[in-house]
Each structure stands twice: as structure tokens, then as C-alpha cells.
1. Which value, in debye to the nearest 20, gives the size of the charge dipole of the stretch 1-121 about its Cα centre, when Lys and Arg are +1 and Asp and Glu are -1 at the Cβ?
2. Using only the Cα atoms of the stretch 1-84, construct the convex hull and provide its projected area averaged over every direction, in square nanometres to one decimal.
3. With every protein chain left in place, what is the accessible area per residue of the stretch 199-267 in square angstrom, probe 1.4 Å?
4. Just going by the charge dipole of the stretch 226-326, with Lys and Arg at +1 and Asp and Glu at -1 on Cβ, which of Ile308, Tyr291, Leu275 is farthest out on the positive end?
5. Any idea how far apart Gln281 and Asp91 come out in nm if each label point goes 7 Å out from Cα toward Cβ?
6. Taking the Cα centre of the stretch 156-302 as the origin, how large is its charge dipole in debye, to the nearest 20, when only Lys and Arg (+1) and Asp and Glu (-1) carry charge on their Cβ atoms?
7. Once Lys and Arg get +1 and Asp and Glu get -1 on their Cβ, which of Leu207, His172, Val150 lies farthest toward the positive end of the dipole of the stretch 144-225?
8. Express the C-alpha Rg of the stretch 108-246 as a ratio against the empirical globular expectation 2.2 N^0.38 Å, rounded to two decimals.
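The values are calculated or read from the model by the stated rules, or taken from the named source; none is laboratory data. On a predicted model such as this, the values are computed, not experimentally measured, just so you know. Positions of Cβ are generated from backbone atoms using ideal geometry, with glycine treated the same way; all protein chains shown enter the neighbour counts. The accessibility values were calculated without ligands, DNA or RNA, using every heavy atom of the protein model including side chains. Shrake-Rupley method; radii C 1.70, N 1.55, O 1.52, S 1.80 Å.
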Amino acid sequence: MSGKEAPRAGLVKAALAGEITNAQGAHALGVSLRQFRRLKARYREAGVRGLVHRLRGRPSPRAVDVAQHRARRPRRAALGALVLIDSSEFDWLGTDTPLLLLGAIDDATGTVLALHFRPAEDLHGYLTLLRRLAERDGLPVSLYGDRLGVFVRNDEHWSLEEELQGAQHPTHFGQVLRELGVGYIAAHSPQAKGRIERLWETLQDRLVAELRLRGLHTVEAAEAYLPTYLGDHNRRFARPPAAADAAWRRPPRDLADRLSCHYTRRVARDNTVRLGPRVVQIPRGPHGRSYAGGRVDLRECLDGRLLIHYQGRRLATDPAPAVEFVLVPRRAPRRRAARTPSDEGGRSLPLRQHGPASPLAALNALAQQLRRPARPHPWRHTFSGRQRARQRQLTPTGGGHSH
């Protein structure tokens, strides 16, 4: 019986024995007099069991079918079949400044595969994490993460090309995974990737304590200590996989070139191509060929190199800048407004002035562009024979033309 139902037996017994009235018993239980009489009748029939709510133990009509109820996802059998990636913001270094720690954990064994400190959850950090994972173990079959904009497209914009092909173009990270043949599974809730969520609770306890004991308060020192910590952590908490054969795949030789952002740009007249502030001179091709006006493919790599390809052939390589480089997705170049009559279908429009303009000034500028044609212009000629004769009388010198 529940705490609400426990006092019923004593009060009903007292009412049956004549020690209290029905009104007193109903008032004590907080029920109506009629309901108290029902309780007395049920007690006579079934005893104390009759005082329990009759729906107790019955399944709810709104209950979800047991076969469809949420259950813990079974682990993958092979090592490297599924790798979970995520990040956690915490004061890892004890400097009162939150810092992000990116991590990758194997689903089959719980082995922490890679960790990386970053000031923000960005593309550069996750590509660095993927590079460490590929160089240390190999490429996994699939990655499992959240719906962060770095991983998946969350916007509702569809270009004409995307509508024709029936799918949106992937993000830069998604393009890298597609070239490497790695799948991506997007979780719809933090609970869906609970294994890596529980890892952060462990690291915020154990890793922080180890960093404090060793007096490591800089990102560089903490990064250098991470391999040592991972070895000890995996010896303690990793479990053997269900399958003996691992699913890791060997990364390609040009892995450094594939960890990049892809762009398409048009070559300028001076045989150069621009990507943001970077300008690369393309050497002339065979027989002094110029690539001006052609479209080339650009790859801005994780290490800062800029690769220019044309029809599958590399034309030039720009080395990494001298300053510290961070790979950031760049926006597409904005189209310049047309400034010539041919760009606007034959009519030259005034250039837009900086600052607000009055309506009168705008009308005057428009009137200057919409001048009436000169008198000899065919548009000024009438189709009426009477008016053409009158026009010839007014202009005896032949100032106009008649057809």
C-alpha cells in the first residue's frame, strides 16, 4: 500500500466497530462520505486488499510496447567498427579558464583512442583528432557524434544543384570522411552517445587530478602528458572486444592532402588564384599555356598548405604561412555588382552611392538614365499619316525621317 492508502485500514476498522462515525472517517481520509462507505464495503468483501486502488499493477493504456521501448545499444563486436567523438568544456588546467577537450573512444572496447585540447569546438580540432586517430590506429568504419554544424548540415538552404541530386552537399568535415570512406552517424540526443558522455565524468576526476599532481598548467605540457595518461587509463578501464579481428583500415598515403577544405575558384587574368588573403601564382602550362578564366580546385590543408588542381592535375603548391595556421572554412566569394551596360542587358545604371540618399535625388538620378530619345530616333515617329504630314510641314528642312 502507498503512504496515502496506509491509514485506511485503521479508520475503516474503527468505523465498523462503531468507534467513529462515517463522517469522521471520511474527514480524516480526505474523501467524500460516499467514498468512505465504498471503502467499508470493499473491506468487508476482500479485507485489506480491497482498500488498495484497483488499477494498481495494471499496465497503462498509454504504455509503450516493450518491443519498441528504448534499450541500451549493444556494443560493436570489432575494434575500430565504431568510434565515438565528442568534446567537453571544463577547467582542465586549473587556470579558471574553461578549455575544450576533444576525445575519441572505441565503442567495442571503451579504449580512449585520442584526446586533444582546443580553445573552441572547430573544424581544425576535429581534423587534428582524426589525423591522430588515423596515424595511431587507422581509419574506423564509422564515426558517431552529435549534430554539430562541423559534422552535418543543419541549415534549410538548398541550391538548384542540391535539389536536382536530392541531397545537400556535406560539410568540409563530411567531405573529408566521404573521401576517406568513413561513415558518420548523427545522434539525436546526448543519451544516445552515453559511453563517451560517461568518459568525461571519469576524465574530469582522474585526468584533472594527474595534471594537478604534476603541476601541468599549460596546453603544451598537458598535450605532451596525454599519451602517458591514455596508456594507464586504457589498462585500467578498457575491455577486450567480442571479435578477434579489428576493423581498422590503413589510411591513404596522401592523408595530409585529404585533411583539407575544398573550394572552386576562377583564375584571374594574371594567372593567379585567390583564396581569402592568400594569392598564388600559377606557373604557365605546356607551350606557355595560361589558365586565366578557367576554374581550378583548391585544397587548404590542415597543415596550412594550399594545393591547386586543374582537371585532376596539380598545378601549384603554396607552402604554409609562417604564422600559426588554423584551418577555418571560408565563405564563397560574393558576386560583384554589374558596372557596365553589357552586364545589365545594355543599359548603364548608376553606381550605388555610399550613405543614405534622399528620394528626390534617387528620382533625379533615375530620370537622367531614362532620357527621352532624340527627335530623329525611330521611337519618336508616329504611325498616323496625318500626323506625319503635319510633322513635315513643321520641319521643312527635313529634320525628321519618314518611312
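1. In total the dipole reaches around 1640 debye.
2. Values: hull surface 38.8 nm².
Spelled out: convex hull of the Cα atoms, projected over all directions, averaged, 9.7 nm².
3. 62
4. Tyr291
5. 5.3
6. Charge dipole, the stretch 156-302, about its Cα centre: 460 debye, nearest 20.
7. Of the options given, the answer is Leu207.
8. Compared with the compact-globule rule of thumb, the stretch 108-246 sits at 1.23.
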